[in-house]
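The values are calculated or read from the model by the stated rules, or taken from the named source; none is laboratory data. None of these values were measured; they are calculated from a predicted model. Every residue, glycine among them, receives a Cβ derived from its backbone with ideal geometry; neighbour counts consider all protein chains shown. The protein model used for the area step is the full one, side chains on, heavy atoms only, and it has no ligands, DNA or RNA in it. Shrake-Rupley method; radii C 1.70, N 1.55, O 1.52, S 1.80 Å.
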Amino acid sequence: MRQRLAELRGPAAPVPLDARALAALAANPGCHRRALLDGAGVDKGALARALGAPAAFGQSQFAFVRGHSFEARVKADGGAELIRLLHERLADGTPVPGPDDVDVPDLSAAGPEGRTARTALALREATAAGRWALLDHPLLALTVGGTPAYLEPDAVVVHPDGGWTVVEIKSFAMIDGAADSAKVGAAARQAAVYVLALEGVAEHAAEHAAVRHRALLVCPRNFSNVPAAALVDVRKQLSTTRRQLARLTQVADLAAALPEGTTFDLCLADDGRTATRPEKELAAAVDAVAAAYAPECLAACELAFHCRARAREADAVQALGRAVRSELGSLTTVESVLAAARGEAGDPGDPTVAALRRAQALRAEALAGAACR
Ligand code: SF4
């Protein structure tokens, strides 16, 4: 399988999967296109640019600097403030830990393998010590499709009872204890990926080591620089991520189903020199793999503009959003929906068709009323 995926990608180095990519995969489990391209390590950003549909991704410099200064503030005083926030959320009646009660192990080591081994050792030692410990930017490994993906959570806290909590520090605001649900959902999916990777480490740690399934989300309170925290249950995201990552092993089937000669290699060997592969050829390769476009892709996938254009060309109702799509049952194109509403097509016994006709009649009635006034 590795060989076939490497052929699809071409000679470029594979783009490693990170927690954000794995979380995005879990968010759109029906998309074979993303699963195959990520499984093959294709640079989707470069591919989108070659297709003439680049996505504007990433943070502004201002947001980046602000995010860093907020994270530094949250982790100040040897992690005492962060542990205090977690302790406050747990509300378990145990004494509030002070700065001297928190260990912050040194996690530096050479290379990703060295850093993951150092993290695993620090987790085991902190668990055995039975004290609070803050692991700042540990490195975890998760095997995905046969290759290790290296993941770096903002922090992991070890509790005196051997519990491990993933900490996600985000720069979006928490207003009156609530934050944007889409952003919280994305953070929860990312935390679930870290929980999954941590579970692999916990298997080889002390018996009482247990990865907690509630992650601590820390955000600025009401646009200030003061941290507010909430525990987010990630069990649902965890099972979705597990399922989706298991499906990545089926990437081999997706690759095998592609027409002979399909490649996502952006370069074309040309008499010893290299030239860019024609856009049409790349588009045909991308379109040979089924996609499941939804407007949410715009915030999560580099190929979103290409897939949206294709969905619009196909007049697909997916472009209107998952909620609308699920309401429309067997009507898969905007034209078929309009025809059903006008009474020109569709089974009148179908509840979706009946609802559309009722809505069309109400609209006509409202417009007639407005014209008479
Ligand atoms: S943008 Fe396209 S490839 Fe990416 S997840 Fe959405 S449908 Fe799949």
Whole-percent carbon and sulfur share, accessible surface of segment 328-372, 1.4 Å: 63
Against the longest alpha carbon principal axis of the chain, how many degrees, from 0 to 90 and to the nearest 10, is the axis of helix 304-313 turned? 20
Among bridges DSSP assigns within the chain, what percent are antiparallel (round to 5)? 75
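Taking loop as defined by DSSP and a crowding limit of 16 other beta carbons within 10 Å, which GluC sites (Glu not before Pro) in segment 192-233 fit? Write out the running numbers ahead of the final one.
Working: sites: Glu199, Glu203, Glu207; in loops: Glu203, Glu207.
Loop-located and lightly packed - Glu203, Glu207.
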Take the alpha carbon gyration tensor of the chain, find the square roots of its eigenvalues, order them as a ≥ b ≥ c, and report rounded if a/c is under 1.5; if not, report prolate when a/b exceeds b/c, else oblate. oblate
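Starting from segment 214-306, pick out the GluC sites (Glu not before Pro) whose DSSP state is loop and whose Cβ has at most 13 other Cβ atoms within 10 Å.
On the way: sites: Glu260, Glu279, Glu281, Glu296, Glu302; in loops: Glu260, Glu302.
Answer in residue order: Glu260.
Give me the net charge for the shell around Asp233: Cβ to Cβ below 11 angstrom, other residues only, Lys and Arg +1, Asp and Glu -1.
Values: positive: Arg212, Arg214, Arg235, Lys236; negative: none.
Once positives and negatives cancel, what remains is +4.
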Return the carbon/sulfur percentage of the accessible area of segment 61-237, one whole number, probe 1.4 Å, all protein chains in place. 54
Would you mind getting the accessible area per residue of the chain, heavy atoms of the protein chains only, 1.4 Å probe, in Å²? 51
Rounded to whole Å, sorted largest first: equivalent-ellipsoid semi-axes of segment 61-237, Cα gyration tensor: 24, 20, 16
Among Lys236/Lys280; Lys75/Lys236; Lys44/Lys170, the pairs whose Cα-Cα distance exceeds 31 Å are Lys236/Lys280
Would you work out if segment 127-203 is rounded, prolate or oblate? Take a ≥ b ≥ c from the square roots of the eigenvalues of the alpha-carbon gyration tensor; rounded if a/c is under 1.5, else prolate when a/b is larger than b/c, oblate otherwise. oblate
Among Leu362, Pro295, Gly79, whose Cα lies farthest out toward the positive end of the dipole of the chain, if unit charges sit on the beta carbon of Lys, Arg (+1) and Asp, Glu (-1)? Leu362
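Can you tally the net charge around Leu258? Count Lys and Arg as +1, Asp and Glu as -1, for every other residue whose Cβ sits under 12 Å from the Cβ of Leu258.
Details: positive: Arg4, Arg33; negative: Glu7, Asp253, Glu260, Asp287.
Around Leu258, the surrounding residues sum to -2.
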In whole Hz, what ³J(HN,Hα) sequence does segment 77-94 give by Karplus (6.51, -1.76, 1.60; θ = phi - 60°), x for Gly and Pro? 6, x, x, 4, 5, 5, 5, 5, 4, 5, 4, 4, 5, 5, 6, 9, x, 7
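So if I take the alpha carbon set of segment 328-372, get Rg, then get Rh from the Kirkwood formula, what is the Rg over Rh ratio? Intermediate values should be presented prior to the final figure.
Values: Rg = 11.4 Å, Rh = 10.8 Å.
So for segment 328-372, dividing Rg by the Kirkwood Rh gives 1.05.
Per residue, how big is the convex hull of segment 216-370 when only Cα atoms are used? Give it in Å³.
Numbers: hull volume 43.3 nm³, N = 155.
Here the figure is 279 Å³ per residue.
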Using a 1.4 angstrom probe with every protein chain in place, what is the largest-first accessible-area order of Val104, Val184? Val104, Val184
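Give, as a single signed number, the net charge of other residues whose beta carbon lies under 13 Å from the beta carbon of Glu344, with Lys and Arg counted +1 and Asp and Glu -1. Don't skip to the end; give the middle numbers.
Working: positive: Arg342, Arg357; negative: Glu335, Asp347.
Within the 13 Å Cβ shell, the charges total 0.
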Hey, what angle do you get for helix 61-74 against the long axis of the chain, alpha-carbon based, 0 to 90 degrees rounded to 10? 40
Cα centroid separation - segment 147-201 against segment 322-373, whole Å: 43
How tilted is helix 235-247 with respect to the longest principal axis of the chain? Cα atoms for both, answer in degrees (0 to 90, nearest 10). 70
